[in-house]
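Below is one structure; the comments refer to it alone.
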Amino acid sequence: MENLVQTICIAALPVIFAITLHEAAHGYAARHFGDPTAWQAGRITLNPLRHIDPVGTLLVPAIILVTSYFAAGSALLFGWAKPVPVSFGRLRNPKRDMLWVAAAGPLANFAMALGWAALFKLAEWLPPNLYTLPLAKMSVTGIEINLVLMVLNLLPLPPLDGGRIAVSLLPMRQAMQFAQLERWGFPILLVLLFTGILGTILWPFVALFKNLIIFLFQLN
């Protein structure tokens, strides 16, 4: 039980920041492209407390961590924050700018994965002490959760970010038809998750980006 508590404590910070700063990035991008909705709602902030969803940010990741701990397996750790309000009609060029607003979240996750990789490298360089091992473990979790969220959100399925990017890139007629999938997006995602198909799709891409980070930072 003590090891489980340690696991949750080590994972808490990377998980919370990975999920909440993903949403904050959408708000920053939306304001940059002309939509102040998130700013007016007080959601353009790096304060995680403004973005935490009790279920998606805390409960679901905790359940996944506990389940994977007792099952001694590697579960697909993910979650979600309170969605940042974006009024796409208020963007200066809604169809074009939608791409950048949607892409901001996954890009934030990739930037955080790089940041955690730098911290892991720091833990390698520092003389072994009371903090280096927890820092290394926290950094590994930070890299993995951010890469999972990045790849997951880039799936071309509305309302995921990849779905909105696809809507932005498609011709108007096809974009409107494809956007109709949004009401079915979450049920489809749940089916993919519980059948194991989602993990089969995601893990090769997560592994690809993880190997890229290992190569860039020369991690052991």
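Throughout, read-outs are computed from the coordinates displayed, never taken from laboratory work. Keep in mind that what you see is a predicted model, and the values were worked out from it rather than measured. No Cβ is skipped: glycine too gets one built from the backbone with ideal geometry, and neighbour counts run over all protein chains shown.
By other beta-carbon atoms within 10 Å, ranking Val5, Val191, Val140 with the fewest at the front produces Val5, Val191, Val140.
By the gyration tensor of its Cα atoms, with a ≥ b ≥ c the square roots of the eigenvalues, what is the shape of the chain: rounded for a/c under 1.5, prolate for a/b over b/c, or oblate?
Values: a/c = 1.83, a/b = 1.58, b/c = 1.16.
Prolate, because a/c is 1.5 or more and a/b exceeds b/c.
Dividing the summed helix terms, -39500 (n - 2.57) for each DSSP H run of n ≥ 4, by the number of residues in the chain produces a 222 nm estimate of -23000 deg cm²/dmol to the nearest 500. Taking label positions 7 Å along the Cα-Cβ direction at both Phe217 and Trp125, the computed distance is 1.2 nm, reported to one decimal. Using the Cβ-Cβ distance between Met172 and Arg92 with R0 set to 22 Å, the FRET efficiency from 1/(1 + (r/R0)^6) comes to roughly 0.80. Rounded to the nearest 20, the Cβ-based charge dipole of the chain about its Cα centre (Lys and Arg +1, Asp and Glu -1) stands at 640 debye. Straight-line cross-link reach from Lys137 at under 29 Å between alpha-carbon atoms covers these lysines, not counting any fewer than eight positions away in the same chain: Lys82, Lys121, Lys210.
Centre-to-centre separation between the Cα atoms of the range 103-162 and those of the range 177-220: 15 Å. Between helix 197-217 and the chain, what is the angle of the helix's C-alpha long axis to the longest principal axis, kept within 0 to 90° and rounded to the nearest 10? Value to nearest ten degrees: 60. Considering only Phe33, Pro106, Val5, the residue lying farthest towards the positive end of the dipole of the range 2-217 is Phe33, judged by Cα position with unit charges set on Cβ.
Taking square-rooted eigenvalues a ≥ b ≥ c of the alpha carbon gyration tensor, is the range 155-216 rounded, prolate or oblate, where a/c under 1.5 means rounded and, failing that, a/b exceeding b/c means prolate?
Working: a/c = 3.95, a/b = 1.51, b/c = 2.62.
Oblate, since a/c reaches 1.5 and b/c is not below a/b.
Judged by the ratio a/c of the largest to the smallest principal axis of the C-alpha gyration tensor, the range 33-124 counts as prolate, that ratio being 1.5 or greater while a/b is larger than b/c.
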